[in-house]
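Enquirer: Below: one structure in structure tokens.
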Amino acid sequence: MAHTIQVDVVSAEESIFSGLAEFVALPGEAGELGIYPQHTPLITRIKPGSVRIRVPDQAEDVFVFVAGGLLEVQPKHVIVLADSAIRGKDLDEAKASEAKKRAEDALVNRSASIDYAQAQSELATAIAQLAAIQKLRQKR
């Protein structure tokens with residue numbers, strides 16, 4: 001049997017993925033992280049983007065979009081605590097495009113009533129979600 005590591009991806013709403021994996025890749029704050037079994041312990045923040053999980057004996061990787069959060073790595077366990085998370089198959093390009101447009105409009109039409117940092121965060125999340133959708137399409 002291949003070397004595996006337990007992976008749990010959870011958001012405030014629900015558990016998105018729980019199972020064994022051969023490899024996990026995700027967007028760390030300082031760049032893309034690749035995690036194999038027996039990885040050195042690590043705790044770091046993650047940026048909005050896609051988590052790619054290579055499951056043993058499965059042809060396609062599992063994709064999960066996360067809107068930021070925290071990552072804890074232990075030699076036999078990876079935990080992704082996401083601010084929010086969406087399974088790759090549930091990503092909606094129309095919703096992401098609309099969210100991007102709303103955030104861009106809020107930034108362009110700035111007024112005292114908008115939270116500039118919130119609008120920037122929403123824009124970054126929408127852009128990352130659209131990039132994840134594109135990446136998922138290329139894999140199919």
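Enquirer: Please count how many residues of the stretch 37-56 are in contact with an Asp or Glu (Cβ under 7 Å, 6 or more places away or on another chain) and of a type in the set (Ser, Thr, Tyr).
Expert: Result for the stretch 37-56: 1.
Enquirer: Restricting attention to the stretch 1-47, which residues are in contact (Cβ under 8 Å) with a residue 60 or more places away in the chain and small (Gly, Ala, Ser)?
Expert: Ser11, Ala12
Enquirer: When only residues in the stretch 116-140 that are at pLDDT below 70 and basic (Lys, Arg) count, which is surrounded by the fewest Cβ atoms within 10 Å (Cβ to Cβ)?
Expert: Out of the qualifying residues, it is Arg140.
The values are calculated or read from the model by the stated rules, or taken from the named source; none is laboratory data. In this text the structure is predicted, and so the values were computed from the model without any measurement. Cβ atoms come from the backbone with ideal geometry, glycine included; neighbour counts cover every protein chain shown.
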